[in-house]
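Novice: Sending over a structure as structure tokens; questions will come in a sec.
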Amino acid sequence: MRDIDRWHEEEFRRLTTEKVLRLLDGTPTEATLAAAVSGCAEEAEAICSDRPMACTAGCPYCCVLNVAILLPEAMIIAQRLVEQTPQRELDELRKRLGQHRSWTRWMDDEERILKRMSCPLLDQYGACGVHPVRPLACRAITSLDSECCREAFAPVVSDEDRLVPTDLLRKAAYDAAFTSLAAGLLSCGLDDRSIELGTGVIAFLENPEYRELFLNGGKLPQDLWR
Ligand code: SF4
């Protein structure tokens, strides 16, 4: 029987949401939120860790697509950047994130590919600069053929369907981890909205007070979603 036939999405969601609630332990803190986010990633990875993929560090083709993340993911990425990036580089990254946000704000994936609007978090070697805390949505997308990625993400206009063979079980597991995390946040009275990756990260970088606001069950300004 194939792995995908043994996949029980509802059961996975139930157990993973329970794990999130256990880890958040009633009164969420930055530490328990970080544990909950990585706990969700671990649950998904346990489903698909031994499955093949063509993705390797330094292969940046798909890091041009719109990525939706949950607010704690944005908070954790911003925190890591603050802790691990020298001030000058952090200032430059802030600038790149801001420019990327204003350029891509109304772009769909096709335009992003055509204009090669790569994720500002890619490092100079084409690897993810926040790999240990990369979003669940980024972990969900893998390719089984890097040559197909090169063609599919080439910045050229084409009427042909440019498909990439992908691991659907991995995608299903990480998508379920994402919704389980959102369900856990909602149960704890926290904002469970998703936000565009760069917009969320820059919001927490520029406004450290949003951390407290989020942890206290407040809502970040609606402008961020416009
Ligand atoms: S966060 Fe990392 S993996 Fe995700 S799109 Fe950006 S560079 Fe790529």
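Novice: Determine if region 59-76 includes at least one residue that is in contact with a Gly (Cβ under 8 Å, 6 or more places away or on another chain) and at pLDDT below 95.
Specialist: Taking every residue of region 59-76 in turn, at least one turns out to be in contact with a Gly (Cβ under 8 Å, 6 or more places away or on another chain) and at pLDDT below 95.
Novice: Here is a list of conditions, (1) within 30 Å of S158 (Cβ to Cβ); (2) free of Cβ contacts under 8 Å to residues at least 12 places away in the same chain, and A46 meets all of them except one; can you say which number that is?
Specialist: (1)
Novice: What are the pairs with Cβ atoms under 9 angstrom where one residue, in region 200-219, is part of a loop (DSSP other than H, G, I, E, B) and the other, located anywhere, is surrounded by 14 or more Cβ atoms within 10 Å (Cβ to Cβ) and of a type in the set (F, W, Y)? Sequence gap at least six, or different chains.
Specialist: G218/Y210
Novice: Which condition does T27 not pass, out of (1) under 17 Å from A140 (Cβ atoms); (2) assigned to a loop (DSSP other than H, G, I, E, B); (3) of a type in the set (S, T, N, Q), if it passes all the others?
Specialist: (1)
Novice: Taking the residues in region 72-129 that are assigned to a helix (DSSP H, G or I) and hydroxyl-bearing (S, T, Y) as candidates, determine which candidate is nearest to the ligand (Cβ to nearest atom).
Specialist: Out of the qualifying residues, it is T104.
Novice: Still on this structure, I have one more. Select from region 9-28 the residues that are surrounded by fewer than 12 Cβ atoms within 10 Å (Cβ to Cβ) and modelled with pLDDT of 95 or more and list them in ascending order.
Specialist: E10, E11
Novice: Of these, G26, G58, which one is within 16 Å of the ligand (Cβ to nearest atom) and at positive phi?
Specialist: Exactly one of G26, G58 is within 16 Å of the ligand (Cβ to nearest atom) and at positive phi, namely G58.
The values are calculated or read from the model by the stated rules, or taken from the named source; none is laboratory data. All values reported here derive from a predicted model rather than from experimental measurement. Cβ sites come from the backbone with ideal geometry, for glycine too, and all protein chains shown count toward neighbours.
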